[in-house]
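Novice: Shown below is the structure under consideration.
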Amino acid sequence: MNFLLGYMLFINLFSLIIMYIDKNNARKHRWRISESSLLSLGFLGGSIGLLTGMYVLRHKTKHSKFTLGVPMILLLNLLLYVLFNDLL
């Protein structure tokens with residue numbers, strides 16, 4: 001497995017776990033993870049994990065910043081993955 005694929009697997013699993021933690025904290029009225037931190041994870045390659053968390057956990061699905069932004073970030077991630085994978 002190449003480094004880029006391993007990184008993508010890690011960052012997406014990490015993003016999904018962070019979405020779970022934020023959803024759990026929201027239910028318990030505890031400290032929350034900022035939206036900018038969640039979106040930053042998407043820009044770092046974790047958009048699939050965020051998108052999965054949004055719909056499996058039903059978290060942040062009423063925020064257009066997420067419902068529109070995360071799919072656009074995913075397209076950007078896929079484009080960058082294809083470009084960088086060809087370079088490596």
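Novice: Can you give the relative contact order of the chain as a percent, counting alpha carbon pairs under 8 Å and 6+ residues apart?
Specialist: Over the chain, the number comes to 31 percent.
Novice: Just tell me, in residue order, which DSSP H segments of the chain are both 20 angstrom or longer along the helix axis (alpha-carbon based) and at least 1.6 in mean Kyte-Doolittle hydropathy.
Specialist: 69-87
Novice: If you don't mind, there's one more thing I want to ask. Would you mind ranking Lys28, Lys65 by Cβ crowding within 10 Å, fewest neighbours first?
Specialist: Ascending Cβ contact count within 10 Å gives the list Lys28, Lys65.
Novice: Mind putting a number on the dipole of the chain about its Cα centre? Charges go on the C-beta only, +1 for Lys and Arg and -1 for Asp and Glu, and I need it in Debye to the nearest 20.
Specialist: Dipole about the Cα centre, nearest 20: 640 debye.
Novice: Quickly work out the Leu75-to-Leu9 label distance, labels modelled 7 Å from Cα along the C-beta direction, and quote it in nm with one decimal.
Specialist: Label-label distance for Leu9 and Leu75, simple model: 2.9 nm.
Novice: Here is a further query. Need the list of lysines near Lys23 for cross-linking: C-alpha distance under 16 angstrom, and skip anything on the same chain fewer than eight residues off.
Specialist: Lys60, Lys62
Novice: Hey, another quick one. Rounded, prolate or oblate: pick one for the range 11-88, where a ≥ b ≥ c are the square roots of the eigenvalues of its C-alpha gyration tensor, a/c under 1.5 means rounded, and failing that, prolate if a/b is larger than b/c, else oblate.
Specialist: Prolate is the answer for the range 11-88, as a/c is 1.5 or above and a/b outweighs b/c.
Novice: Modelling each spin label as a point 7 Å along the Cα-to-Cβ direction, I'd like the Arg58/Asp86 distance in nm, to one decimal.
Specialist: 4.2
We did not get these values from a lab; they are worked out from the coordinates using the rules stated. Nothing here was measured: the structure is a model prediction, and the numbers come from that model. Positions of Cβ are generated from backbone atoms using ideal geometry, with glycine treated the same way; all protein chains shown enter the neighbour counts.
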